[in-house]
1. Which one of L173, L47, L162 has the biggest mean-square fluctuation once the chain is modelled by GNM with Cα springs under 10 Å?
2. Defining a contact as two alpha carbons under 8 Å apart and six or more residues distant in sequence, what relative contact order in percent does the chain show?
3. Can you name the helices of the chain, as whole DSSP H runs, whose Cα span along the helix axis is 18 Å or more and whose Kyte-Doolittle mean is not below -1.0?
4. Kindly give the semi-axes, whole Å and largest first, of the ellipsoid equivalent to segment 1-123, taking each as the square root of 5 times a Cα gyration tensor eigenvalue.
5. Averaging over every viewing direction, what projected area does the convex hull of the Cα atoms of segment 11-79 cover, in nm²?
6. For the chain, what does the helix formula give at 222 nm: sum of -39500 (n - 2.57) over DSSP H segments with n ≥ 4, over the residue count, nearest 500 deg cm²/dmol?
7. For the pair E164/D235, report the inter-label distance in nm, with labels modelled 7 Å from Cα in the Cβ direction.
8. Roughly how many whole Å is it from the C-alpha centroid of segment 205-270 to that of segment 78-155?
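Just so you know, all these numbers are worked out from the coordinates, no wet-lab data involved. Note that the coordinates shown come from a computational prediction; the quantities given were computed from them, not determined experimentally. Backbone-built Cβ (ideal geometry, glycine too); neighbour counts: all protein chains shown.
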Amino acid sequence: MFKLAHISDPHLGPLPPFRVAELMNKRFFGYLSWVRRRRALHRPEVLTALAEDMADLAPDHLVVTGDLTNIALPEEFTQVGRWLQGLGAPEAVTVIPGNHDAYVAVPWEASLGKWQAFMSGEGDAVATGPESFPFVRYRAPIAIIGLSSAQPTPLFCAHGTLGEIQLQRLGPLLRRLGEEGWFRVVLLHHPPSLGKIVWRKRLVDAVPFRRVIEAAGAEMILHGHDHTFGIEQIDTAGGPVPVIGVPSASAGHDGRKPLAHYQLYDIEKAGNGWRIEVNARGFDPVSGRFRETRCYAL
């Protein structure tokens, strides 16, 4: 049995020191949001409790589905890089970016490039820029396929796009991995929902993405972005593919969205298919620790 952990949207804080000039763009409004609301919501002590809980349960691998930063300051990427190293070696942790990680355009070397060891495929396939997606990491019996829907967007928008190149690469990749017998886990930040996400936060090419999955298949799709639980499915010839989202990993108090959660997926072969047991673990503000909140099988 393979135990996969999934967290999303940690929005690591506090914000590092910055120059005023760095706020002379969309970041200014993100900074105001951080000061007025988000710094009280996204709590470092919650992430510390989450890391301690995960260490006790010792998953085989961890995936992080985006929004690790808040306003994509260059120093935020350095700060997140140190945090990722504290969670595990790059071989044990896989990361994809979210829209906050592309809040404004920042050169790869000064931004996501600082996490490239966590976003690289096998062998010589080192992430060197946006063209590196999708990448594949093999952790028998699962193959992790990382996509990027992260892109700079206009003010008050948080939508994402995969683009033709990623989608063209994704289909043949999924077919090959399926023929080889891998349990295919697809990671993207924006949920590929139809009509359940507000327009300004949607995955622009959700329909073509779903068509790729319908044609090529997968075993599980994991996402974040909406800061809540998500469970849908995409029907394929080989059976329904679960599409699962998790709340923010750092949400320290109740609000419109759930408290911080992460999920564990126990994956094992079952006859000609697979069995997935989902264990959701949520933050308890009274004890300051994480505990099981629900468990179900797929």
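1. Residue with maximal mean-square fluctuation among L173, L47, L162: L173.
2. Computed over the chain, the figure is 20 percent.
3. What comes out of the filter, once short or polar helices are dropped, is 44-57, 74-87, 163-179.
4. On the way: eigenvalues 136, 60, 22 Å².
Calculated on Cα positions only, the semi-axes equal 26, 17, 11 Å.
5. With the hull built on Cα positions only, its mean projection is 5.3 nm².
6. My calculation for the chain gives -6500 deg cm²/dmol from helical runs alone.
7. 3.0
8. Taking the Cα centre of segment 78-155 as reference, the centre of segment 205-270 is 19 Å away.
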